[in-house]
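Remarks on the structure that follows.
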Amino acid sequence: MKKLSALALLFAFCACLPGEAFAADGGRPSILGALWKWAPLLLSGFAFNLLISVLAMALGTVLGAVLGLGLVAPSSGLRRTSHAATQFFRNAPWLVLLFFCMYLMPFEFVVGGAVVPFPGWVKAVIGFALPVMANTAEIVRGAVQSIPPAQWEAAESLSFTRRQTLWMVILPQCVKRMLPSWMNLYSLVTMATSLASVVGVSEMLTLTADALAAEGGRTDLMAPFYGFVLFCFFVYCYPIGVWTRRLEARYAVK
Amino acid sequence: MKKFLMPALAMAVALTAGSVAAKADVLDKVKEKGVLVVGVKTDYKPFGFRSPDGSIIGIEPELAADVAKRLKVKLELVPVISSNRMEFLKQGKIDLMIATMSDKPERREQVQFIEPLYYSDAVNILMSKKVKVTAWKQLKDAPICGSTGTFYNKPVESEYGAKIVAFDGTEKPLAALKQGNCVGFLYDQSLVQAKLTEPEWSADYAMPLPSIMETPWAMAVAKGEDRFAKFMSDVTKDWMKSGAIVALEKKYGIAPTAYSQRMHAQFK
C-alpha cells in the first residue's frame, strides 16, 4: 500500500510536466534535457544538504545529550541553566539562529598564528545544531523521566550510585524510546537545510535557482526543477518516516 | 589561576588585534597568499552565472580573472547575494566585490567604491518587432507592460505618454507581452538584454530604443583599502581604454550599453 502511494506520487510528478517535456523545439533543450544537463550539479548540492544535516545532527545530539542530562541533574543550579538554554534554543526560529551564526561568527580564526578558515557551510552546521541540541535535550529528559521511578529505587537499594544507575539502568532503556523522536527530528533538520540557501550557502535550492537563471529564467522549467528538489527530499525523508513509524510501533510503551 | 589567565587573555586579544592590523593592506595579503578572493553573483545572467559543471562564468568572473592575472595570483570566486555582499567585504571574506551592485549613497558609506564605475544598467523596453519606433516620444498612448513598484513607470508615463499596464514580478508582464496585451515590456536594460540572448525572445522582439535613466554599478573593496582601490581604479580605466568591457558584452551576446561605449570613447 505504501509503495503504491509513493509510486502514485512519482507518477503525479511526471504527469505535471507539460506534454512538450520530451521534445526539443527550436534550438532550446527540452525540459527533461535541461533537467538532465543540470541534474549532476543539483544532486551534488543535495549531497551537500545531507552533509550539513548529518553533521548538524551529530553535533546537536552530542551537545543535546549533555544538556538533557543537565535537565534531570540533581543540582538545581545546573537544572535551571540547562532549562533556560533548552527553552531559548527550542523557541528561537531556525532561520534566525542561522542568520545569527552566519553574520556574527568570523569567517576565519587565528589559532596560534595559523589562519583556520571558517566557511559558511560550517556556520550553517552550527546554526542547525543549536535547535537540534535543544530538541534532543527535551527528548533525553522525556525519556529519562518516562522510566518508572521504581527502577531508580531498585537500583539505589542495590547500592548503585546515581551515575551507575543512569548509565547502566536508565539510559540503555531510554535509547529505544528516544530513537523515533530523534529520527523524526533528523527528518526535520534535513528538510530545514534548504533554509541555508537564504544565507548564501550553495546547497541544492541555491543551485536550482542558479540553474534556472542560467537557463534564462524560462518559466516552463520552474515547476519541473523545483519539483525535482521536492522529489529528492521526499525520496530521502519518506523512508526515514516509514522506518520511524515502524520503530515507534515496535517500542511502543504499553 | 586568574593571574595566569589575564595575561593569556590579553595576549589572545593582542594576537587578534595584530591580525586585524596586518589585514589593513589587502593588496599585500593577496600577494602573500597568492590568491585573490572575489565575490560575484551566480544568478544574474550574463554577468555572473553557473555553468552545468558548477563553475561560475560570465562578464564579472572574467573581469575578476583579469584582475587576478594582473596581480599574478590565483583567482577564487565566492558566490554572494545582495544581502551578504557588503558584509563579506567588511569581514574580509572577499577582497573585491564585482556583483551587479548599483550605486546608492548609503552603500558608499559602508564600502569603498571603485571610480570610475565600471558598468551601468539603464531602463529600456523589450519591444515587439512589429512596432517600429526609434524615439521614446513615439510611445504616446502605446500600451506598455511594466512591473509594479519600479521607479520608472511613472516618469515614462508622464514624460512620454505611454500607457503602463503594471503586473507584479517579471514573469507576468512577459507573459502578457507574449499574449499581445501590450507592445513592449519596460524594465531594467540588463534583463531585457538577457532575454534577447534567448532564441525564444530574439525572434520576435528587440530593443530598438536608446537606454534612459542610467543606474551605474560599482565594484567595491573594504573601507580604508586605498592602495587596492587605487590599483582597481587604474585597472578599470585600462578596461575602458582597451574596450575590454564592450568586448565582454559582445562575447556574452548582449548589445554594448551606451555607458560602456561612452566610457570607452572617453578613455581611448
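The values are calculated or read from the model by the stated rules, or taken from the named source; none is laboratory data. Note that the coordinates shown come from a computational prediction; the quantities given were computed from them, not determined experimentally. Positions of Cβ are backbone-derived with ideal geometry, glycine not excepted, and every protein chain shown enters the neighbour counts. Please note that ligands, DNA and RNA were not included when accessible areas were found on the heavy atoms of the full protein model with its side chains. Shrake-Rupley method; radii C 1.70, N 1.55, O 1.52, S 1.80 Å.
The rows are residues; the columns are (1) of a type in the set (V, I, T); (2) touching a strand residue (DSSP E or B) at 6+ places or on another chain (Cβ under 7 Å).
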site: B:S158; (1), (2): no, no
site: B:V192; (1), (2): yes, yes
site: B:T197; (1), (2): yes, no
site: B:D204; (1), (2): no, yes
site: B:D234; (1), (2): no, no
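Taking the stretch B:67-92 as the range and being touching a Phe, Trp or Tyr at 6+ places or on another chain (Cβ under 9 Å) and open to solvent by less than 40 Å² (accessible area, probe 1.4 Å) as the test, the residues that pass are B:V67, B:L71, B:V78, B:V80, B:N84, B:F88, B:Q91, B:G92. Among the conditions (1) within 28 Å of A:R90 (Cα to Cα); (2) within 28 Å of the chain's Cα centre (by Cα), A:R163 misses just one, which is (2).
A quick yes/no check of all residues on (1) free of Cβ contacts under 8 Å to residues at least 24 places away in the same chain; (2) at the interface with chain A (Cβ under 9 Å from one of its Cβ atoms); (3) more than 18 Å from A:V201 (Cα to Cα):
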| site | (1), (2), (3) |
| --- | --- |
| B:Y44 | no, yes, no |
| B:F47 | no, no, yes |
| B:R50 | yes, yes, no |
| B:G54 | yes, yes, no |
| B:I59 | no, no, yes |
| B:L63 | no, no, yes |
| B:D66 | no, no, yes |
| B:K74 | no, no, yes |
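Criterion first (at pLDDT below 90 and more than 23 Å from B:K251 (Cα to Cα)) does B:D141 satisfy it? Yes; evaluated as a whole, the condition is true for this residue. Just for helices (runs of 4 or more DSSP H) wholly inside the stretch B:43-121: which have at least 2 residues that are modelled with pLDDT of 95 or more, touching a strand residue (DSSP E or B) at 6+ places or on another chain (Cβ under 7 Å) and in the same structural domain as B:D226 (by TED's automatic domain parsing)? Answer list for the stretch B:43-121: B:59-71. Of the residues A:S44, A:S53, the single one that is hydroxyl-bearing (S, T, Y) and more than 14 Å from chain B (Cβ to nearest Cβ) is A:S53. Inspect all residues belonging to the stretch A:3-23 and state whether any of them is modelled with pLDDT under 90 and within 14 Å of chain B (Cβ to nearest Cβ). Scanning the stretch A:3-23, I find at least one residue that is modelled with pLDDT under 90 and within 14 Å of chain B (Cβ to nearest Cβ), so the answer is yes. Here A:S159 fulfils each of the conditions (1) open to solvent by 30 Å² or more (accessible area, probe 1.4 Å); (2) part of a helix (DSSP H, G or I) apart from (2).
Candidates are the residues of the stretch A:99-117 that are in a helix (DSSP H, G or I) and within 12 Å of chain B (Cβ to nearest Cβ); the one that is most open to solvent (accessible area, probe 1.4 Å) is A:L104.
Looking at A:L98, is it under 22 Å from A:M204 (Cβ atoms) and in contact with a Gly (Cβ under 6 Å, 6 or more places away or on another chain)? Considered against the rule, which asks whether it is under 22 Å from A:M204 (Cβ atoms) and in contact with a Gly (Cβ under 6 Å, 6 or more places away or on another chain), A:L98 comes out as yes. Taking the stretch A:237-249 as the range and being open to solvent by 30 Å² or more (accessible area, probe 1.4 Å) and closer than 17 Å to A:L195 by Cα as the test, no residue passes.
What are the residue pairs meeting all of these: first residue in the stretch B:132-151, first residue on the phi > 0 side of the Ramachandran plot, second residue at pLDDT 85 or above and assigned to a helix (DSSP H, G or I), Cβ atoms under 7 Å, and 6 or more apart or on different chains? Listed pairs, sorted by first residue: none to list. The selection criterion, being closer than 23 Å to B:L191 by Cβ, outside any helix (DSSP H, G or I), touching an Asp or Glu at 6+ places or on another chain (Cβ under 6 Å) and modelled with pLDDT of 90 or more, holds for B:P216. Restricting attention to the stretch A:68-79, does a residue exist that is touching a helix residue (DSSP H, G or I) at 6+ places or on another chain (Cβ under 8 Å), within 14 Å of chain B (Cβ to nearest Cβ), open to solvent by less than 20 Å² (accessible area, probe 1.4 Å) and assigned to a helix (DSSP H, G or I)? Looking through the stretch A:68-79, none of the residues is touching a helix residue (DSSP H, G or I) at 6+ places or on another chain (Cβ under 8 Å), within 14 Å of chain B (Cβ to nearest Cβ), open to solvent by less than 20 Å² (accessible area, probe 1.4 Å) and assigned to a helix (DSSP H, G or I). Total residues in the stretch B:250-268 satisfying the condition of being surrounded by fewer than 19 Cβ atoms within 10 Å (Cβ to Cβ) and part of a helix (DSSP H, G or I): the figure is 8. Contact annotation: residue pairs with Cβ atoms under 8 Å, 6 or more positions apart or on different chains, pairing a residue in the stretch A:53-71 that is in contact (Cβ under 8 Å) with a residue 24 or more places away in the chain with a partner that is surrounded by fewer than 17 Cβ atoms within 10 Å (Cβ to Cβ) and of a type in the set (A, V, I, L, M), are A:G70/A:L78. Just name the residue that is surrounded by the fewest Cβ atoms within 10 Å (Cβ to Cβ) out of those in the stretch A:215-229 that are touching a residue at least 60 places away in the same chain (Cβ under 8 Å) and assigned to a helix (DSSP H, G or I). Only one residue tops the list, namely A:A223.
When A:L188 is tested against the conditions (1) over 24 Å from A:F48 (Cα atoms); (2) open to solvent by 10 Å² or more (accessible area, probe 1.4 Å), the lone failure is (1).
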